[in-house]
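Here's the structure, in structure tokens; my notes come after.
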Amino acid sequence: MRKNMKKIIALLLSLVLCAAFCVGCSGKKEENGKLKIVTTIYPLYEWVKNITDGVQNADTTLLLSKGADMHSFQPTSKDIVTISDCDVFVYVGGESDKWVEDILNNARNKDMLCLNLMDALGSAAKEEETVEGMQAEQHDEGEESDEKEYDEHIWLSLKNASALCRHIADKLGEKDNADKATFDSNASSYIAKLDALDGQYAQAIKESKNDTLIFADRFPFRYLTNDYGLHYYAAFAGCSAESEASFKTLVFLADKLKELHLTKLMTIDGSDQKIARSVIDTAGIADVKVLTLNSMQSDSGTNGSYLTLMEQNLSVLKEALN
């Protein structure tokens, strides 16, 4: 169903492109000497802002600035023109960014530097997985379901963040050699903070009593759990469009909750917690607490910086695992 929807979006996008460029090409592009950088989601914006800190000629724009969910985002004609005119475009490059290809193919700035961060990760990018008890996504009749799909929530790994910040800094330095030293220095300082927090995660999880999380929700945290050897069960995969859990899924999660003697059940930001409450009711356990990890996939920066949000997630994990 989601792939069919993306095909529809692609068709609509082609029409928007024609209209946007007819309007956009009628005026002269403003030449203000600034390096115009556009990022799709907040974590990438935060990384770029730290790397370009103090560089006066760098202007960074957050595309999903109003907290739109990256999985359902549809660019407006204004967004299309913003991307088409920028000097550097930084995006995740996963299934939710399929709309990007048409825009880049028709971009007015043919010298644009495009940073697909999933491509930059290379072999470190992980395929989406279906663990025991997870409800598989339903596909429309005739829709291909055997195509490899990669987990696009790459920013939820601090190790990925460090590697990608270095990659971004290196590429910005190639684009703007005059500020290369500043990009490198800023990246090194920021990466030191990322690595320090990564160490705190590793230590906290090493000292925890449990090593398993149960998500009565979608599960976008595969990179994070893999970093620290955590196990998990979940209702849906991270990019799943499903929202209603089957009775079989509810019973499986409830049984796991009892089997592992866990008193914490996980959800992600934006959840209405209906599935979590149903799992608790099915398990018949009164003292289970519902905790929320922030996936940042619809964050706009109003709830704190990337590091702050990852620190908050660490506090939640400490409670969940003890």
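The values are calculated or read from the model by the stated rules, or taken from the named source; none is laboratory data. Only a predicted model underlies this, so the values are computations on that prediction, with no experimental measurement involved. We place every Cβ from the backbone using ideal geometry, glycine too, and count neighbours over all the protein chains shown. Ligands, DNA and RNA are stripped out before the accessible areas are found, and what is left, the full protein with its side chains, is counted by its heavy atoms. Shrake-Rupley method; radii C 1.70, N 1.55, O 1.52, S 1.80 Å.
Going by the conditions given, is I191 at negative phi, part of a helix (DSSP H, G or I) and either surrounded by fewer than 13 Cβ atoms within 10 Å (Cβ to Cβ) or in contact with a Ser or Thr (Cβ under 9 Å, 6 or more places away or on another chain) (or both)? It is true that I191 is at negative phi, part of a helix (DSSP H, G or I) and either surrounded by fewer than 13 Cβ atoms within 10 Å (Cβ to Cβ) or in contact with a Ser or Thr (Cβ under 9 Å, 6 or more places away or on another chain) (or both).
Take the conditions at pLDDT 95 or above, closer than 30 Å to E259 by Cβ and open to solvent by 20 Å² or more (accessible area, probe 1.4 Å) and apply them to G199. Does it pass? So that I can check it myself, show each step before the final result.
Details: at pLDDT 95 or above: yes; closer than 30 Å to E259 by Cβ: no; open to solvent by 20 Å² or more (accessible area, probe 1.4 Å): yes.
Against the criterion (at pLDDT 95 or above, closer than 30 Å to E259 by Cβ and open to solvent by 20 Å² or more (accessible area, probe 1.4 Å)), G199 does not qualify.
In region 108-121, the residues that are closer than 9 Å to G93 by Cβ reach residues that are at pLDDT below 95 and assigned to a strand (DSSP E or B) with C-beta atoms within less than 8 angstrom, at least six apart or across chains, in these pairs: M118/Y150.
For region 239-262, state whether one or more residues are part of a loop (DSSP other than H, G, I, E, B), acidic (D, E), open to solvent by 10 Å² or more (accessible area, probe 1.4 Å) and out of contact with any helix residue (DSSP H, G or I) (no Cβ under 7 Å at 6 or more places or on another chain). Yes, that holds for at least one residue.
Residues in region 85-110 that are more than 15 Å from the chain's Cα centre (by Cα), modelled with pLDDT under 95 and acidic (D, E): D85, E101, D102. Output the number of the condition that A181 fails; it satisfies all remaining conditions of (1) open to solvent by 70 Å² or more (accessible area, probe 1.4 Å); (2) farther than 28 Å from E95 by Cβ; (3) touching a residue at least 24 places away in the same chain (Cβ under 8 Å). Among (1) open to solvent by 70 Å² or more (accessible area, probe 1.4 Å); (2) farther than 28 Å from E95 by Cβ; (3) touching a residue at least 24 places away in the same chain (Cβ under 8 Å), the lone unmet condition for A181 is (3).
Of the residues making up region 274-304, those that are surrounded by 15 or more Cβ atoms within 10 Å (Cβ to Cβ), in a loop (DSSP other than H, G, I, E, B) and in contact (Cβ under 8 Å) with a residue 60 or more places away in the chain are S295, M296, Q297, S298, D299, S300, G301. Scanning region 205-238 for residues that are among the aliphatic types (A, V, I, L, M), assigned to a helix (DSSP H, G or I) and either open to solvent by 10 Å² or more (accessible area, probe 1.4 Å) or touching a strand residue (DSSP E or B) at 6+ places or on another chain (Cβ under 8 Å) (or both) gives a single hit, I205.
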